[in-house]
Structure formats: C-alpha cells, structure tokens
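Engineer: The structure follows.
The values are calculated or read from the model by the stated rules, or taken from the named source; none is laboratory data. This is a predicted model, so every value here is computed, not measured. Neighbour counts run over all protein chains shown; Cβ positions are idealised from the backbone, glycine included. Protein only, heavy atoms only, side chains kept; ligands, DNA and RNA dropped before computing areas. Shrake-Rupley method; radii C 1.70, N 1.55, O 1.52, S 1.80 Å.
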Amino acid sequence: MAADRSPAADAAVAAVKPPPGAFAPFFRDFSENRAALIGFILLGLLVFIAVFANFLAPYGPSEQFRDFVRVPPMWVEGGTAAFPLGTDEVGRDMLSRLMFGARLSLFIGVAVVIASMFAGIALGLVAAFAPGWPSIVIMRAMDVILSVPSLLLAIVIVAIIGPSLTNTIVAITVVYLPNYVRLVRASALSEKSRDYVIAARVAGAGTLRIMFLTVLPNCMAPIIVQAALTISNAILEAAALGFLGLGAQPPSPEWGAMLASAREFLQSASWIVTEPGLAILITVLSINLVGDGLRDALDPKMRRS
C-alpha cells in the first residue's frame with residue numbers, strides 16, 4: 001500500500017509532520033526568557049490554587065463571621081492569624097474568597113478562549129477557503145463587532161441577555177471572536193499558495209482535509225499566542241463587568257464583584273479593595289508574561305541563530 005502512494009502525497013504528509021526535535025528550539029528559547037519563566041511559575045501557582053481551592057482555603061467563600069467584620073490582615077495591628085488577609089464588610093475571610101475567585105476568573109478566561117478560538121478557527125478557515133459571499137458576510141460581521149469598543153459591546157450584550165456568569169462568558173466571547181477570525185483567515189490565506197498545500201490537492205485531499213489537517217496545524221503558532229493573551233483580557237473584561245454589577249452576581253467571589261462591593265470602604269478598610277485588585281494584577285501580569293514568552297519562542301524571526 002505504501003509503495004502505491006504518489007510522491008505528492010508523501011510530500012504533503014511530510015509537510016504536516018514536524019521534524020524530529022522541532023520543539024527543542026521552542027523549549028530552549030522559552031526557558032531562557034526569565035520573565036516568561038516567572039510568569040509561568042506564578043500562573044502555575046494560581047492554577048494550583050484554583051483547582052484545589054476546596055482543600056487549601058481555610059473557610060468557605062460565603063461563610064460569615066459576624067464577630068470579625070472588617071478585621072485587618074494579620075500583619076496590621078488588630079489582625080489575627082485566623083484570617084491572614086483579613087475579612088470583608090460582612091465578616092467573610094478574604095483569603096478564602098480570593099482563592100475561590102481565582103477559580104472563577106481562570107474559568108472565565110479559559111472558557112472564553114475555548115469558545116472564541118474554536119468558533120474563530122471555523123469562521124476564519126471558511127472565510128479563507130470560500131472567497132465569495134461567505135467570506136464577505138463573515139468579515140463584514142467581524143468589522144461591525146470591531147467597530148464598537150470591546151467593553152461597551154460586552155455591556156450591551158449582557159444588558160440585553162441579563163447579568164450572570166454564563167452570559168458574561170457569552171458576551172466576552174463575542175467581543176474577542178473577530179481577533180481569531182481575522183488572524184486565522186490571514187494565516188490560512190498565506191499558507192494556501194504554499195507547495196505542501198498544492199501537493200495535498202494533487203494527492204486528492206478534499207477541501208475540509210486541507211483546511212483542518214494540512215493548513216490549520218501550520219497556523220497554530222499565532223493562534224496559541226493570541227489565546228494566551230485573550231485569557232488575560234477576558235479576566236479584565238469579566239472583572240470590569242463584575243465591578244459594574246453586570247457580571248457574576250453576589251455572593252459569588254468573583255474579583256470584580258468583590259471590588260464593587262468594597263469600594264465604599266476604600267479609606268476605612270483599604271485591604272478589602274486592594275487585595276482583589278492585586279489578585280487581578282498578578283494574574284493578568286503572569287499570563288501576559290507567558291504570552292510574550294510564547295510569542296518570542298514561536299516566532300522564527302526572534303529565535304537566535
């Protein structure tokens with residue numbers, strides 16, 4: 001059977017398969033980026049806390065201690081080791097809420113990336129391989145979405161379909177969908193004319209096989225970088241919606257909602273506002289550092305010779 005296969009088919013298969021040791025330069029370049037490594041360690045710690053929050057958190061996220069309302073962190077006068085990061089305006093442990101909030105924030109980011117990436121890949125490939133009216137309709141729809149500021153569009157969508165965690169994910173997915181569609185379409189158009197795609201066509205491969213098995217694997221590097229950056233942006237958008245009361249609803253320990261409920265205590269109990277803000281900052285910063293490291297390691301122009 002292998003002897004009957006044409007040289008064009010062999011060339012198409014060889015083009016899709018990565019050469020031995022192809023990932024070695026990536027791991028080498030990523031490991032040499034100290035900022036990316038620090039971000040990766042921080043992100044790994046956040047993921048660990050989010051996954052095992054049920055076991056790591058000293059209390060439940062909604063458990064109230066009425067005798068310990070607005071207790072400061074343990075290193076401040078009046079603090080106690082029972083609540084290392086203090087308590088909020090109704091006596092809930094801040095450390096526990098931040099841990100469970102990490103699970104919510106990362107879940108929102110990952111869910112948005114999965115939904116927008118898969119939908120964007122499908123629409124982007126259709127726009128690249130169907131240059132007629134399907135491409136025009138898809139790209140004009142993406143232009144309409146991009147013409148509205150992202151946060152404003154998310155607010156409008158949530159206001160229409162109602163505030164909730166699920167609707168927040170839907171709104172942010174719609175906001176970031178054009179990024180993937182345009183990126184996939186541009187990458188696919190540049191790959192369509194390459195020799196390995198022509199060889200696959202000569203070998204008799206169908207359009208769907210060329211789209212998803214031949215062209216898509218060679219477009220994944222920029223998509224991976226975009227996915228990493230989308231997670232941080234989605235977390236910021238979700239926090240903004242939660243701060244405006246349009247995201248996850250109380251008593252959910254979402255960081256944006258925590259900021260919204262504690263803003264009146266900015267002067268009297270500043271830790272209630274500062275700690276969720278720092279959690280958002282550290283999470284977004286670590287993801288952006290990892291994204292920058294992925295971009296540098298996956299871009300051949302930035303690799304050392």
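Engineer: Residue under question is PHE26, and the condition is that it be in a helix (DSSP H, G or I), in contact with a Gly (Cβ under 6 Å, 6 or more places away or on another chain) and either aromatic (Phe, Trp, Tyr) or modelled with pLDDT of 90 or more (or both); does it hold?
Structural biologist: The answer is no for PHE26.
Engineer: Now a separate question. In the range 151-164, which residue that is at pLDDT below 90 and open to solvent by less than 50 Å² (accessible area, probe 1.4 Å) is nearest to ALA238 (Cα to Cα)?
Structural biologist: Only one residue tops the list, namely SER164.
Engineer: Since ALA234 meets every condition but one in (1) modelled with pLDDT of 90 or more; (2) open to solvent by 40 Å² or more (accessible area, probe 1.4 Å), which condition does it not meet?
Structural biologist: Here ALA234 meets the rest and fails (2).
Engineer: To continue, here is another question. Of the numbered conditions (1) in a helix (DSSP H, G or I); (2) modelled with pLDDT of 90 or more; (3) open to solvent by less than 20 Å² (accessible area, probe 1.4 Å), ALA36 satisfies every one except a single condition; which is it?
Structural biologist: Only one criterion is unmet by ALA36, namely (2).
Engineer: Follow-up question, since we're still on this one. Would you tally the residues in the range 265-287 being in contact (Cβ under 8 Å) with a residue 40 or more places away in the chain and either aliphatic (A, V, I, L, M) or more than 17 Å from PHE107 (Cα to Cα) (or both)?
Structural biologist: Result for the range 265-287: 12.
Engineer: Quick test of your reading of the structure: VAL112 fulfils all but one of (1) at pLDDT 90 or above; (2) over 30 Å from LEU208 (Cβ atoms). Name the failing condition by number.
Structural biologist: Going through (1) at pLDDT 90 or above; (2) over 30 Å from LEU208 (Cβ atoms) one by one, VAL112 breaks only (2).
Engineer: Condition first: of a type outside the set (A, V, I, L, M, F, W, C), open to solvent by 10 Å² or more (accessible area, probe 1.4 Å) and within 30 Å of GLY245 (Cβ to Cβ). Now tell me which residues in the range 167-195 satisfy that.
Structural biologist: Across the range 167-195, the qualifying residues are ASN167, THR173, TYR176, ASN179.
Engineer: Of everything in the range 75-113, what is farther than 20 Å from SER252 by Cβ, open to solvent by 30 Å² or more (accessible area, probe 1.4 Å) and in a helix (DSSP H, G or I)? Give them in sequence order.
Structural biologist: Matches in the range 75-113: none.
Engineer: Of the residues ALA228, ALA240, only one is in a helix (DSSP H, G or I), more than 20 Å from ALA50 (Cα to Cα), touching a residue at least 24 places away in the same chain (Cβ under 8 Å) and open to solvent by 10 Å² or more (accessible area, probe 1.4 Å); which?
Structural biologist: ALA240
Engineer: State whether the residues of the range 268-280 include one that is touching a helix residue (DSSP H, G or I) at 6+ places or on another chain (Cβ under 8 Å) and open to solvent by 60 Å² or more (accessible area, probe 1.4 Å).
Structural biologist: No, the conditions are met nowhere in the range 268-280.
Engineer: Give the residues of the range 117-150 that are of a type in the set (Ser, Thr, Tyr) and either crowded, with 18+ Cβ neighbours inside 10 Å or part of a helix (DSSP H, G or I) (or both), sorted by residue number.
Structural biologist: SER135, SER150
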